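Everything below concerns the one structure shown next.
Read the figures in this text as sums done on the coordinates, not as results from a lab. This one's a predicted model, so the numbers in the text were calculated from it and none came from an experiment. Heads up, the Cβs are rebuilt from the backbone with ideal geometry, glycines too, and the neighbour counts pull from every protein chain shown.
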Amino acid sequence: MSYHDEQESIESVKAWWKQWGNATTWILLVVLLAGAAYNGWNFWQRRQAAEAAVLYDQVQQAVAAGDKAQVARVAADMEDKFGRTAYAQMTALGAAKALYAAGDEAGAKAQLQWAIDHAKDDEFKQIAKLRMASLLLDEKAYDQGLALLAEPQAQAFKGLVADRRGDLLAAQGKSDDARAAYKVALDSLSKSDSSARQLIQFKLDALGG
């Protein structure tokens, strides 16, 4: 390249930089900041998950020991600090079961409600709704239980939801509606769920008609 050509190239670069230099700098800066933010977010998530795993282990130990106070305390800590992690929804369901077994129905309902409101996965929300509906059935809060189960349900839970609806309707004395719900449950459950189907058929037969 001759001196003249080299000078022309330098002048072209200068002209291009004068026109586009600032925009290019900002674009590079944005890309670098986005990359740093992404890496920081991933690091934060991994750290959250690791700390939540430790707390979840504490919940499991408290459940195994039958320490109701510790279960409630650690579950509240998990939901407050790590509510966005998958461990929180597992903790809520486990804590609800332990608290119910310990006779603390109010505490169990609080945990189930947290799972219904905050669980990351629909499956956990649905399980929480079914268990909550069972508690409402025990409390004779039939309309509240039916309202809870009236919300859109995942197809995989259709049979279980219909079965629980049948229980609530039967308890209300609405035999025709209960029979219809139990029939939906039978139609929805797999043939392999023989024990569940037998139980529902028993309920259906008990209603007569």
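Quick one: Debye curve from the alpha-carbon atoms of the stretch 121-209 only, equal weights, vacuum; give me log10 I(q)/I(0) at q = 0.11, 0.19 Å⁻¹ to two decimals.
Values returned for q = 0.11, 0.19 Å⁻¹ are -0.27, -0.82.
Under a plain spin-label model, where a point goes 7 Å from the Cα along Cα-to-Cβ, how far apart in nm are LEU199 and GLN60?
The two pseudo-label positions are separated by 2.6 nm.
Among 193-202, 122-131, 168-177, what's the highest-first ranking by average C-beta atoms within 10 angstrom per residue? Mind dumping the intermediate values first?
Details: 193-202: 13.8, 122-131: 19.2, 168-177: 16.2.
With the highest mean Cβ count within 10 Å placed first, the list reads 122-131, 168-177, 193-202.
With 30 Å as the limit, write out which pairs from LYS125/LYS203; LYS81/LYS129; LYS140/LYS203; LYS68/LYS129; LYS125/LYS183; LYS81/LYS140 have Cα-Cα distances beyond it, or answer none.
LYS81/LYS140
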